[in-house]
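In what follows, a structure is listed as structure tokens, so that the remarks can point back to it.
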Amino acid sequence: MSRGDTAQRSSGVVGQDVAHDSAVTHVSGESVFLDDVTPLSGELVAGIMPCPVAHGRLRSVDTRAACLLPGVEAILTAKDIRGHNRFGPVVKDEDLLVESEAVFLGQPVAIIAARNTETLEAARKAVVVECEALPAIFTIDQAIEAGTFLGGVRQMSRGDLDAGFAEADQLLDGELEIGGQEHFYLESQIAIAVPGEQGSMTIHSSTQHPSEVQAMVAEVLGVPFNQVTCECKRMGGGFGGKETQAAQPAMYAALLAAHTRRPVRFAYNKDDDMAYTGKRHPFKTVYRVGFKTDGRLTALQLKLYANGGCSTDLSFAVLERAMLHSDNAYYLPNVHIEGRVCKTNLPSNTAFRGFGGPQGVAGIENVMQEIALALGMDAMDVRRVNLYGVIARNVTHYGQRVTLPAASLGPTTPATVRQLHDSHPSLEREEDANRVMQNLPLPVGEDGAHGKPWRGVIKPAPVVPPFEAEGAQTHGNTLHVLLETLRHESAYDRRREEITTFNRTSKTHLRGLALSMVKFGISFTRRTLNQANALVNIYTDGSVLVTTGATEMGQGVHTRVRQIVADALGVPYDFVRVGATSTDKNNNTSPTAASSGTDLNGAAALDACERVQRRLKDVLAWAVFSDASHGVSPSPDSICFANGFVWDARVPQSRIPWAKAVAVAYEQRVSLGERGFYATPGVDFNRDTGKGTPFLYFTNGAACSEVLIDRFTGEMSVPRVDLIMDAGKSINPGIDRGQVVGGFIQGMGWVTTEELVYKADGTLLSHSPTTYKIPNVSDTPRQFNVRFLDNPHNVVSVHRSKAVGEPPLLLGASVWLAAKDALSSVVGSRANRLAIPATGERLIGVLYDIPAPVNAVEGETPPRRTSSPNSGG
Amino acid sequence: MSIGLTGPFAASSWQGGRCGMRDHLQFHLNGEHVTVSGDDAFLTLSDFLRQRRRLTGTKVVCAEGDCGSCSVLVGRSVDGTMRYAAVTSCIALVLQLDGTHVVSIEGLKDDGRLNPIQQAMVKCHGAQCGFCTPGFVVSLYQMANDRIANTRENATRCLVGNLCRCTGYDSILRAATEVSFDSVKPLDALYPSTTFADDDDDVLIETTTHRVYKPATLEQALTYRQEHPTCSIVSGATDLGVLVNKRVRTLTDVLALGGLTALRNIDVDAQHIHIGAAATLTEVEAVVNEHLPSLGEFLAWFGSPPIKNAGTLGGNLGTGSPIGDSIPALMVMNADVELASVQGRRRVGLITFYTGYRQSVMRPDELIVAIHLPRLQANETLKLYKVSKRKDLDISSVSVALWLKRRGDIIEDIRLAAGGVGPMVMRLANAQDVLRGGPLTLEQFERAARAARDEIKPIGDVRGSAEYRKTLVGNCLIKACHELMDGESIQRSAT
């Protein structure tokens, strides 16, 4: 049974399309974001003194003149830090304030607190920084040439690469450049530090990871963790950018607050935030692939290079997830993947929705497209023959089954077995299907895959009306159903023909079509992080306050937790409030990341509810429901909670309001608060061998995108997208839909218009929305069909839901693949020059065979705000 | 009737400190009367709202008018009725607001309850993180206030100035199309008891470091201009506001023209469209759509509604940026710029107006008062192209304008200009020579494209490499040829 499946309680709110927890105050402008907080008495504004070169030896920082300015309250440099100046979430390999060697442009050499922004500006102008410039590197190619890397080579492999290449009918070599991406959360990084008694410090931070902010602040101040409290009410967007890198602003503010004994607000403006904080890792993928004439891949050799920036941050985990997603939805029989993180003189690149997954998936989806081009096949057919099977070809290169654990399979009937067999090309024998349905172990080969060679025949696509083969979903591999359903619903085959004709006849435009998949592994690949605690407090009036380690950044985790708690306690939704996330209520929390916020914290909240409810049942059974008038003996198991009432199932007329029940429990001195805990069972991954079961389950999906490209201007639009997600059984369909649409559009931006442009000295030129173009409302697909697979079988997750935060972003790649498809109809294999993002300039470059521009520009530098906070003065 | 376009100009002398002149600004904020004097007049509107009034529903993200999170409605009385337009408050200056009614997100609730747009946004999950949300509500409120039909298409056009990073916009568009605009109270009904008096005072605010003068008449403006030749001229502030926020410019001496309704008139006669220099781009677009559709269609892609609601054609020309999108278009149309000073006025052909990067023949005592646009005759065609990384609300990599006059299949006359290819907008003289007098054929245009690529000297920058820009300029000509030959059949609708 899935957690939360207990039948007897329900307020019916799980599964409902409840509005976002904060929707009412969001639309009225009354939601309070950190910079909206009225400054405390004596509060100071803070800013950094940025290093003027990307790589250099710091000679001196002269703050004397600046310190004398009236209104300048503190200027701190590295030597003023009593705790650790060296910081990092995994490896402590970055100076918070430059000590001797500056490693990226804008790295702070000093931090300044002043009474207002004007004074702060003046102080910044008065600080004299002497820095000797050293040669700097910015790109992956430069790093490879110079041999500058972070950490060693990571590897994952399976099978026999040479044998696989020998078996191939054809080999292809190639490489793909994948650009980075700016998070562009609308609320820039911000923290307010308020000093307390005896060295304590309260940090209000816009962070996805309050516990890490707490720990890093404590370390930089040199105090125990229990002296620091970090609270986050909400973020104006995070997308991974506030997972580790909310810590720096918090540390700056805390250092200055500790020094001045006054509250300090540190807020980046958008320009500085974009220029000085990390982004999605740019990647370079080098591949050699072998395949049969039917498109089936026999061997794949991959080298992934990630541009990590100046320090480790989360780069190893990002690279690892990229390697773990280099299969995406496709079976790689013989594969060797090698990964490295390049060290460059850029702000340390960091988590960004998808966390390496998008780069890994882009790599293999590009390979699928290349195979199709080489064979003259439709890329969708190449994808179909390579899709993970159910019985055979169903184990990933790291050894995890793409099917659910056998124990979780659904009911078996001859009909469902037949359906499973019929609807899945890879199920060659009905008896295999039968074994799956009966939870019997399958024959296992030497590498964990099916033992005998795959003899499957790819059948013509069965035009099955979607999801009638219900039994077919219970094994968890929904990839075939998703692909075939989408192919059918998007009228892929018909449109493919139309497009071929169009591209032959149109003088001015090109169309392209691509269907891509996603299979996204859910869980932190670092096992430890797969835990959560939650605090549920019930007050004597019956109202409930829940806090968890999950932070709210718009994704709706608070709403889902509220639904789960209301449902679990059998009280109306309005009885429950979810409080701000704070480390003094929930300790040692994991970041709200890896799409896992609801999975972990929802399950922990559920655990707390179950425990407190158990106590309520015990006390109510004898104190209320067993009195003489009812004529029954105490039976805690008979007590029911629903819709704000409590009753004994044997005497339904006995029901009392929830608040009364709570009052009775209080009267009887029963604890009305509980802490719940959840640790994801069964996940484990060995980094050294590259093998294990890193994920609890996979969230799957597919998207089919069509693009229209102007042959003369390279302008591209997206007339139609069809998208289908297997998001399990939704806790909140409206919020899930918002995640899917928003994630897809963000992914589309990454592969189309979002381009990071640097000057030769490392200055970011695309540092504001004038020059960095996230999708606009008019860029969204004119026709955008989004639907969910009805999959109630994901029993391993809370309420059988599936995490949906990141996976849809990876489907944005389909827009890039469609662009490549369009180009290849004109320029053939030269389309392999297309990089990510496919900007108009790049499209024109491929169409007209213009050499790629060097990423160094002349001319006018766009004006940039170099001041710090927007307000608070 | 355009004031300042006809009749002799009578100069009068500006007298600092004369009585009748106010030393403070007065306007309304969410129905409340507000006066501002001293340094606060030089704040951006968003800072004024957030810091001075603690109205923090207005969010600042980019501080350059490109994301719309700070949108507020600004109403001005025109002929006795209030006309409201959404503007980006981060680049609007308080000194522009004299006599207006500013309505922020806090002023849009209806009797303390969510208005129908807000209710629809809640229901449709139109808000995720909530940071951009007030701006979207403001933009939609303007649409409802103007009673624009809430189709998905119209809502999309209305919202191009608002960026959202969470929702992918779909839920916001659903909210926009589901709400009944009839149920949304017009702002006049939301603020029934507030009276907005037309006043024609001029205002002078002087502090130790700043000075701003808001004239009530053109005469006053010209006099001030003559006596303060180095002053910053603020009309819509859509460019200047950015430069101030980014600390490129500081405002020490400001001549604020926004309140000069005389400069906002637009007249159309048989030969010309006469556009007052302070007419907003939104106002220009409305007129041009009717009388010069090919330019109107281009203006639709020009900038976002909040920028067009504030920005003026005069400001666009006065700034003189080589990537100012209107300039190539107006150049090939042979538009005239009308300049005025206390000495009198003169008309200068736009073709000869610019002399270098952001340099023109305008004298320090002059103001642009009007632009005169010749209307297209039956055998004339105007084609305009703007290529940018993102379709909407993006600065061009290249813009190309083409005007031609046909006699049968022969191109009798042609004018070409391109922006983004040099320090100022360039005429494509060699390409013109290739085409002038010749037949309208693809071969001719391919020759012209080669000539154009050779005669421009673009630079590579954040918006594209030099080679890309050269290719684009040539390609736009060839694209134009295809469109001309196909009888204009391939229109924007195809994209």
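The values are calculated or read from the model by the stated rules, or taken from the named source; none is laboratory data. Small disclaimer: the values here were computed from a predicted structure and weren't measured. Neighbour counts run over all protein chains shown; Cβ positions are idealised from the backbone, glycine included.
Within this structure, B:Ala120 fails the test of being under 19 Å from B:Ser232 (Cβ atoms) and hydrophobic (A, V, I, L, M, F, W, C). Scanning the stretch B:137-157 turns up at least one residue that is in a loop (DSSP other than H, G, I, E, B) and either closer than 24 Å to B:Gln26 by Cβ or acidic (Asp, Glu) (or both).
Checked against (1) part of a helix (DSSP H, G or I); (2) modelled with pLDDT of 95 or more, A:Gly762 passes all but a single condition, namely (1).
Yes or no: B:Ile233 more than 9 Å from chain A (Cβ to nearest Cβ), hydrophobic (A, V, I, L, M, F, W, C) and more than 24 Å from the chain's Cα centre (by Cα)? No; evaluated as a whole, the condition is false for this residue. Scanning the stretch A:724-748 for residues that are more than 9 Å from chain B (Cβ to nearest Cβ), buried (at least 24 other Cβ atoms within 10 Å of the Cβ) and not in a loop (DSSP other than H, G, I, E, B) turns up A:Ile724, A:Met725, A:Asp726, A:Gly728, A:Asp736, A:Gly747. If you go through the stretch B:100-112 and pick out every residue that is buried (at least 24 other Cβ atoms within 10 Å of the Cβ) and either at the interface with chain A (Cβ under 9 Å from one of its Cβ atoms) or of a type in the set (Gly, Ala, Ser) (or both), you end up with 3.
Within the stretch B:57-92, the set of residues being within 10 Å of chain A (Cβ to nearest Cβ) and surrounded by fewer than 24 Cβ atoms within 10 Å (Cβ to Cβ) is empty. State whether one or more residues within the stretch A:648-669 are touching a residue at least 24 places away in the same chain (Cβ under 8 Å), surrounded by 17 or more Cβ atoms within 10 Å (Cβ to Cβ) and on the phi > 0 side of the Ramachandran plot. No: the stretch A:648-669 contains no residue that is touching a residue at least 24 places away in the same chain (Cβ under 8 Å), surrounded by 17 or more Cβ atoms within 10 Å (Cβ to Cβ) and on the phi > 0 side of the Ramachandran plot. Total residues in the stretch B:164-178 satisfying the condition of being in contact (Cβ under 8 Å) with a residue 24 or more places away in the chain and either buried (at least 24 other Cβ atoms within 10 Å of the Cβ) or touching a Gly at 6+ places or on another chain (Cβ under 9 Å) (or both): the figure is 9.
All conditions in (1) within 22 Å of A:Phe695 (Cα to Cα); (2) out of contact with any Gly (no Cβ under 8 Å at 6 or more places or on another chain) hold for A:Met323, with the sole exception of (2). Taking residues in the stretch B:476-495 that are at the interface with another protein chain (Cβ under 9 Å from one of its Cβ atoms) and under 15 Å from B:Trp403 (Cα atoms), and partners anywhere that are crowded, with 17+ Cβ neighbours inside 10 Å and modelled with pLDDT under 50, the pairs with Cβ atoms closer than 6 Å and at least 6 places apart or on different chains are B:Glu483/B:Ile490.
Residue-wise test of (1) crowded, with 18+ Cβ neighbours inside 10 Å; (2) acidic (Asp, Glu).
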{"site": "A:Phe502", "(1), (2)": "no, no"}
{"site": "A:Arg527", "(1), (2)": "no, no"}
{"site": "A:Glu552", "(1), (2)": "yes, yes"}
{"site": "A:Gln563", "(1), (2)": "yes, no"}
{"site": "A:Ala568", "(1), (2)": "yes, no"}
{"site": "A:Gly579", "(1), (2)": "no, no"}
{"site": "A:Pro591", "(1), (2)": "yes, no"}
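For the stretch B:323-352, filtering for residues that are modelled with pLDDT under 95, in contact with a Ser or Thr (Cβ under 7 Å, 6 or more places away or on another chain) and outside any helix (DSSP H, G or I) leaves 2. The residues of the stretch A:775-812 that are more than 18 Å from the chain's Cα centre (by Cα), hydrophobic (A, V, I, L, M, F, W, C) and within 14 Å of chain B (Cβ to nearest Cβ), listed by number, are A:Val777, A:Phe784, A:Val786. Annotation: of all residues in the stretch B:66-80 being assigned to a loop (DSSP other than H, G, I, E, B) and closer than 11 Å to B:Ile91 by Cα, the one that is farthest from the chain's Cα centre (by Cα) is B:Cys70.
For the stretch A:763-784, the count of residues that are out of contact with any Phe, Trp or Tyr (no Cβ under 8 Å at 6 or more places or on another chain), under 20 Å from A:Phe283 (Cα atoms) and aliphatic (A, V, I, L, M) is zero. Does the stretch A:83-99 contain any residue that is in contact (Cβ under 8 Å) with a residue 40 or more places away in the chain, closer than 25 Å to A:Phe138 by Cα and not in a loop (DSSP other than H, G, I, E, B)? Within the stretch A:83-99 (the criterion being in contact (Cβ under 8 Å) with a residue 40 or more places away in the chain, closer than 25 Å to A:Phe138 by Cα and not in a loop (DSSP other than H, G, I, E, B)), the answer is yes, since at least one residue qualifies.
So is A:Val651 closer than 16 Å to A:Leu672 by Cβ and not charged (D, E, K, R) or not? Considered against the rule, which asks whether it is closer than 16 Å to A:Leu672 by Cβ and not charged (D, E, K, R), A:Val651 comes out as no.
When B:Gln444, B:Gln432 are checked against the criterion of being more than 12 Å from chain A (Cβ to nearest Cβ), modelled with pLDDT of 95 or more and crowded, with 17+ Cβ neighbours inside 10 Å, a single residue qualifies: B:Gln432. Contact annotation: no residue pair with Cβ atoms under 8 Å, 6 or more positions apart or on different chains, pairs a residue in the stretch A:29-51 that is away from chain B (no Cβ under 14 Å) and within 30 Å of B:Gln119 (Cβ to Cβ) with a partner that is surrounded by fewer than 20 Cβ atoms within 10 Å (Cβ to Cβ) and modelled with pLDDT under 95.
Taking A:Gln181 as the residue in question, decide whether it is closer than 30 Å to A:Arg288 by Cα and within 14 Å of chain B (Cβ to nearest Cβ). Yes; evaluated as a whole, the condition is true for this residue. Of the residues screened, A:Gly692 is not one that is surrounded by 14 or more Cβ atoms within 10 Å (Cβ to Cβ), small (Gly, Ala, Ser), part of a strand (DSSP E or B) and touching a Cys at 6+ places or on another chain (Cβ under 8 Å).
Residues that are at the interface with chain A (Cβ under 7 Å from one of its Cβ atoms), surrounded by 24 or more Cβ atoms within 10 Å (Cβ to Cβ) and at pLDDT 95 or above do not occur anywhere in the stretch B:142-151. Taken over the stretch B:303-322, the criterion of being surrounded by fewer than 21 Cβ atoms within 10 Å (Cβ to Cβ) and assigned to a loop (DSSP other than H, G, I, E, B) is satisfied by B:Gly320, B:Ser321.
Would the stretch B:243-261 turn up any residue that is polar (S, T, N, Q) and buried (at least 24 other Cβ atoms within 10 Å of the Cβ)? Taking every residue of the stretch B:243-261 in turn, at least one turns out to be polar (S, T, N, Q) and buried (at least 24 other Cβ atoms within 10 Å of the Cβ).
Among the residues of the stretch B:382-412 satisfying the criterion of being over 15 Å from B:Ala480 (Cβ atoms) and in a strand (DSSP E or B), which is nearest to the other protein chains (Cβ to nearest Cβ)? Only one residue fits best here, namely B:Ile410. Taken over the stretch A:256-296, the criterion of being charged (D, E, K, R), within 14 Å of chain B (Cβ to nearest Cβ) and more than 30 Å from A:Tyr330 (Cα to Cα) is satisfied by A:Arg265, A:Lys270, A:Asp271, A:Asp272, A:Asp273.
The single condition among (1) surrounded by fewer than 24 Cβ atoms within 10 Å (Cβ to Cβ); (2) under 19 Å from A:Thr298 (Cα atoms) that A:Ile364 does not meet is (1).
Selection over the stretch B:113-140 of residues that are over 21 Å from B:Asp66 (Cα atoms) and more than 10 Å from every other protein chain (Cβ to nearest Cβ) gives a count of 1.
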